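Encoded as structure tokens, the structure appears first; notes follow it.
The values are calculated or read from the model by the stated rules, or taken from the named source; none is laboratory data. On a predicted model such as this, the values are computed, not experimentally measured, just so you know. Ideal geometry is used to build each Cβ from the backbone, glycine not excepted, and the neighbour counts take in all protein chains shown. Remember, those area values only see protein heavy atoms, side chains included, never the ligands or the DNA or RNA. Shrake-Rupley method; radii C 1.70, N 1.55, O 1.52, S 1.80 Å.
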Amino acid sequence: MKLITFTKKGIYCPQGKFYIDPWRPVDMAIITHGHADHARWGMKKYLCHHFTKPILYQRIGKDIECQGVEYGEKININGVNISLHPAGHIIGSAQIRLEYKGFVTLVSGDYKVQDDGLSTPFELVKCNEFVTESTFGLPIYNWLEVDDLNKKLQHWVLKNQENRKTSVFIGYSLGKAQRIMKAVEGLGKIYVHESIGKLNEAFEAVGIDLPEYIIADFRERPKEMEHEIVIVPPALLDSNIIKKIPDPATAICSGWMQVRGARRWRSADAGFAMSDHADWKGLLQTVKATEAEMIHVTHGQTEVFSKYLNEIGMKADVIETLFGEDEEVSEQENPENPKV
């Protein structure tokens, strides 16, 4: 049985007549999470986890028709039973479970098996057919435990304070920035870019507590940030805005920092391998544990990861999608006219 097909508009369920994370306008879209390459403008109706609703309203518009559901809540659309399960990627991220006549397909979206303390922890779901990402599907990518990574960020801030430097973190506005805030809480005043502040409101709207923060005014009052903590999106790296910050020491927070030769590494003072995606071990453990008979590998290291799965006796193929370049290296915000 086939519950999904891969079309020019996105992942389509013909029995249910809906799409999952479509990249072109459709009548019914089920959204895995709020990142811009998975949640796009132009759908007649959206369905997502209720934590994702405020993000879609911020990024797409408050006039969209959007239904929010709880994790595990069962919905039936045209005879297909649907439920959303935690993906651990960012706030509200969900794996989409489809069941029809006893056959189960699971579309994972992006996922992370580590518990970051903000996102609802990843839930393993067994299935017949599994759609997995492979952003970091190479053996070189193995993340530190969250607490150990947080200690590294804290040590860097304390060292900067000793050297009378301002700690400037570069991290994606949705997911990464909030993790950085939690990691450095209590070490000084936290200033965030306006785009991060707007998305912080989406966290607060669903009852998630974040550390106290100040919206940074880069045009009028950069002096007040001196020797404090500043968090900005990747689009500001090497920008005139960062150059206005007094005595900045910059650090990129991204999974790509696992490799010292990663793009843009040399333009920063430090790099921390902080990722909201599963690492190599997390991907393998998840794929095996689902017990799926068929694995579809999307965006990322698709060829390498699918080849390895086939070599160890699993049935896997590569699916080309129009999901954008991974959000950890692609930031569409204009630093002079920020959008979210």
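For segment 39-183, DSSP calls about 65 percent of its internal beta bridges antiparallel. Only the Cβ atoms of Lys and Arg (+1) and of Asp and Glu (-1) were treated as charged; on that basis the dipole of the chain about its Cα centre amounts to roughly 520 debye. For Lys101, a cut-off of 19 angstrom between C-alpha atoms picks up these aspartates and glutamates, skipping any fewer than 8 places away in its own chain: Glu73, Glu129, Glu291, Glu293.
The distance separating the Cα centre of segment 271-292 from that of segment 111-127 comes to 10 Å. The fraction of accessible area contributed by carbon and sulfur in the chain is 47 percent, rounded to a whole number (1.4 Å probe; ligands and nucleic acids excluded). Label zone (Lys101, point 7 Å along Cα-to-C-beta; backbone nitrogen cut-off 19 Å) within segment 274-317: 293-294.
Of the residues Ala202, Gly186, Val232, the one whose Cα sits farthest towards the positive end of the charge dipole of segment 168-245 is Val232 (charges of +1 on Lys and Arg Cβ, -1 on Asp and Glu Cβ, taken about the Cα centre).
Note on Asn163 and Ser267: the extension gain reaches 35.5 nm, defined as 0.36 nm multiplied by sequence separation minus the Cα-Cα distance. Toward the positive end of the charge dipole of the chain, with +1 on the Cβ of Lys and Arg and -1 on the Cβ of Asp and Glu, the farthest Cα among Gln114, Ala273, Asn310 is that of Asn310. Reducing segment 172-250 and segment 132-165 to their Cα centroids gives an inter-centroid distance of 17 Å.
What number, in percent, do you get for the relative contact order of the chain if the mean sequence gap of Cα pairs under 8 Å and at least 6 apart is divided by its residue count? Relative contact order, the chain: 17 percent. In sequence order, segment 283-294 has phi-based couplings of 4, 4, 4, 5, 4, 5, 5, 5, 6, 5, 7, 9 Hz under the Karplus curve 6.51 cos²θ - 1.76 cosθ + 1.60, θ = phi - 60°, and Gly or Pro positions carry x.
Solvent-accessible area per residue in the chain equals 43 Å², computed with a 1.4 angstrom probe and all protein chains kept. Rounded to the nearest whole Hz, the Karplus-based 3J(HN,Hα) values (6.51 cos²θ - 1.76 cosθ + 1.60, θ = phi - 60°) of segment 56-70 follow the sequence 5, 5, 5, 8, 9, x, 7, 8, 6, 8, 9, 9, x, 10, 8, with x at glycine and proline. Electrostatic bookkeeping for Asp247 treats Lys and Arg as +1 and Asp and Glu as -1; over the other residues with beta carbon under 9 Å from its beta carbon, the sum is +1. Length gained on full extension, Lys126 to Ala289: 58.0 nm, using 0.36 nm per residue less the C-alpha separation.
Calculated mean residue ellipticity at 222 nm for the chain: -6000 deg cm²/dmol, from DSSP H runs with n ≥ 4 weighted as -39500 (n - 2.57), summed, divided by the residue count and rounded to 500. Modelled spin labels at Tyr57 and Ala205, positioned 7 Å past Cα toward Cβ, are 0.4 nm from each other.
Counting only DSSP beta bridges whose two residues both lie in the chain, roughly 35 percent are antiparallel.
Taking Cβ atoms as reference points and 10 Å as the exclusive limit, the residues near Gly72 contribute a net charge of -1, counting Lys and Arg as +1 and Asp and Glu as -1. Straight Cα distances below 21 angstrom link Lys62 to the lysines Lys44, Lys45, Lys53, Lys198, Lys339, with same-chain residues fewer than 8 positions distant left out.
Spherically averaged projected area of the convex hull of Cα atoms, segment 196-251: 4.4 nm². Taking Cα atoms only, the orientation of helix 194-205 departs from the longest principal axis of the chain by about 60 degrees. Gain on full extension, evaluated as 0.36 nm per residue between Glu220 and Glu185 minus their Cα-Cα distance, stands at 10.1 nm. Only Cα pairs under 8 Å and 6+ residues apart enter the sum, and on that basis the relative contact order of segment 198-290 stands at 19 percent. DSSP bridge analysis restricted to segment 1-83 gives an antiparallel fraction near 45%, rounded to the nearest 5. Only the Cβ atoms of Lys and Arg (+1) and of Asp and Glu (-1) were treated as charged; on that basis the dipole of segment 166-223 about its Cα centre amounts to roughly 260 debye.
Does the chain come out rounded, prolate or oblate, given a ≥ b ≥ c as the square roots of the eigenvalues of its C-alpha gyration tensor, rounded meaning a/c under 1.5 and, failing that, prolate meaning a/b above b/c? Prolate, since a/c reaches 1.5 and a/b exceeds b/c.
Rounded to the nearest 20, the Cβ-based charge dipole of segment 115-208 about its Cα centre (Lys and Arg +1, Asp and Glu -1) stands at 540 debye.
In the chain, taking the dipole from charged Cβ atoms about the Cα centre, the farthest positive-side position among Thr286, Ser93, Pro25 is held by Pro25.
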